[in-house]
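Peer 1: Structure incoming, see below.
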Amino acid sequence: MSPTPCPDLEVLFAELESGEGPALDHAAECEACAALMEDHRLLEQDLFRLADPLPPPSLVVNVMARVAESPVPQRREVWTGLCILLTSLGVGLGFLFTNDRALGRMGTAFASSVTGSRAFVEGLFSGAHALWSTAGLAVACFVAVVVFSSLFGLKRLVGSPPPSLSEA
Ligand SMILES: [Zn+2]
C-alpha cells in the first residue's frame with residue numbers, strides 16, 4: 001500500500017478541482033481514494049444531468065407528430081372567430097368615434113338612454129336615424145365591416161374539419 005496516509009476528503013476534492021496536489025498523487029496509487037473519487041465523479045455527473053436535462057434528440061419530431069395527429073380543438077376555432085368579430089367591432093366603433101358628427105349623435109342617444117328604457121329605445125332609434133342621415137357613409141362602412149368580418153369568422157368555423165365522430 002501507499003506509505004502516505006489517506007488525505008482528508010475536502011483536501012482531495014479541492015485538489016481534484018485545481019487538478020494537482022499531493023492528495024491527488026496519493027489517490028493515483030491508493031485504491032480506496034480512487035474508488036472515492038470515482039463515486040464522487042459519478043455523483044457529480046448525475047447532479048449535472050438533474051440540473052440540465054438534455055431533451056432526447058427525437059423530441060421535436062415527436063412533438064410535431066403529436067401536433068399533426070390531434071386536430072385543432074373546436075373551441076379554439078370559436079375563439080378565433082370571436083376575436084375577429086370583436087376586433088372588427090372595435091375597429092368599426094373606433095371609426096365612428098373618430099367621426100365628430102357621429103360621436104355627437106351617439107352621445108345624444110346615450111344621454112337620452114339614461115332617463116329610461118323607453119327613452120333609451122326612442123333615443124336609440126332617433127340616434128340611429130340621425131346617424132344615418134348625417135353620417136350614412138360611416139354607418140355603411142361600419143355595417144359592411146361587421147358583416148364581412150362575421151362572414152369571415154363563420155367561414156373559418158365552417159371551414160375547419162369537425163371532430164371525427166368515431167373518436168367522440
Ligand atoms: Zn488513500
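Peer 1: Just to be sure, is residue 131 at pLDDT 70 or above, in the same structural domain as residue 78 (by TED's automatic domain parsing) and either within 30 Å of residue 78 (Cβ to Cβ) or not aromatic (Phe, Trp, Tyr) (or both)?
Peer 2: On the way: at pLDDT 70 or above: no; in the same structural domain as residue 78 (by TED's automatic domain parsing): yes; either within 30 Å of residue 78 (Cβ to Cβ) or not aromatic (Phe, Trp, Tyr) (or both): yes.
So residue 131 fails the test.
Peer 1: So which of 81, 19 ends up being outside the structural domain of residue 146 (by TED's automatic domain parsing) and open to solvent by less than 70 Å² (accessible area, probe 1.4 Å)?
Peer 2: Working: 81 fails: outside the structural domain of residue 146 (by TED's automatic domain parsing).
Only one candidate passes the filter, namely 19.
Peer 1: Sticking with this one: If I filter the stretch 1-13 down to residues being within 11 Å of the ligand (Cβ to nearest atom) and assigned to a helix (DSSP H, G or I), which single residue comes out as least open to solvent (accessible area, probe 1.4 Å)?
Peer 2: Selected residue: 12.
Peer 1: Residues that are over 46 Å from the mean Cα position of the chain (by Cα): which helices (runs of 4 or more DSSP H) entirely in the stretch 14-91 hold 1 or more of them?
Peer 2: Values: elements: 22-29, 31-51, 59-69.
Qualifying helices (runs of 4 or more DSSP H): 22-29, 31-51.
Peer 1: If residue 144 satisfies every condition in (1) at pLDDT 70 or above; (2) in contact with a helix residue (DSSP H, G or I) (Cβ under 8 Å, 6 or more places away or on another chain) but one, which is the exception?
Peer 2: (2)
The values are calculated or read from the model by the stated rules, or taken from the named source; none is laboratory data. No experiment lies behind these values; they were computed from the predicted model shown. We place every Cβ from the backbone using ideal geometry, glycine too, and count neighbours over all the protein chains shown. Only protein heavy atoms, including side chains, enter the accessible area calculation; ligands, DNA and RNA are left aside. Shrake-Rupley method; radii C 1.70, N 1.55, O 1.52, S 1.80 Å.
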